[in-house]
Amino acid sequence: MDKISFGIPGLDDSLFGGIPVGNLVLVSGSAGTGKSTLCMQFLVNNSNKGLRSLYISTEQKEKDLITQGKLYGWNMDDLIKSNQLRIVYVDIIKDSSFVDKIRDVIREFKPNLLVIDSLSTMSDFATLSDYSKNLVLKGASHAFGQGLSTVIPKPVFEKAIMKQLLSMFLAEIRNYNTTTLLTSEAPVNNEYSTFESASEFFVDGIISLKSRSVDDILSRTIEIRKMRYTKINGGVKAYELSDNGVTLPW
């Protein structure tokens, strides 16, 4: 099976060459672990190899991501000008049609590689989207749907709707035949890798980033928890956020 490498020695070795083409991979971690950096590094390294790459952000605007990339020596301006890389900011707080916007830009750009940053933010506002409203309206048109919405407590009902929305959204992303990374915020001291734990069952791979501070020492670890269609060299490995981005010391 063909694979897409990260271009990061140590990490690619753990994946026996990289991510299988077409996989949906969840990149989870708490704030500051480098999820966005790892994902952008994946796109930049492969854009330089000629793969069209799309980064959809719900948290940072294009200019902010470009500025951040310069800290790691990434020349993203040239990649954007050559149409090898595109960065799109989607304001999901102000725009209830954000799912349609994401869909439209993927169809128009036709990327080989896709990053959606972040799934957690999307999940937080999923029930407010037009996508959600249409789903609820379809369910409410049936007696069974009406009964559920009145009998089940609202938080539980909204969580069920969110889970269904998430599964539908990821199924649609899979149909675009891209290799996709999805970032997600990780809870602390929890058996799941993400707050929207349902996402773990819909993806092909999970890469977990963690950081821990003891006194003045900050340690970072990365673990490939699963990856379909390839062997993996599992186990927790140390990584650093260096001047070149994410690196794994040898």
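Scanning residues 5 or more positions from LEU85 or on other chains, those with amide H under 5 Å from its amide H are SER53, ILE80, with H placed 1.01 Å from N in the peptide plane.
Each label point was placed 7 Å from the Cα along the Cα-to-Cβ direction; for ILE232 and ASP78 their separation is 3.4 nm.
For the peptides 44-51, 19-26, 212-219, 75-82, the ranking by packing is 19-26, 44-51, 75-82, 212-219, with the highest mean count of neighbouring Cβ atoms within 10 Å listed first.
A Förster radius of 22 Å, combined with the Cβ-Cβ distance separating GLU200 from VAL21, puts the computed FRET efficiency at roughly 0.55.
Coordinate-derived values only; no laboratory data. Quantities reported herein were computed from a predicted structural model and do not represent experimental measurements. When we count neighbours, we look across all protein chains shown, and the Cβ atoms used for this are built from the backbone with ideal geometry, even at glycine.
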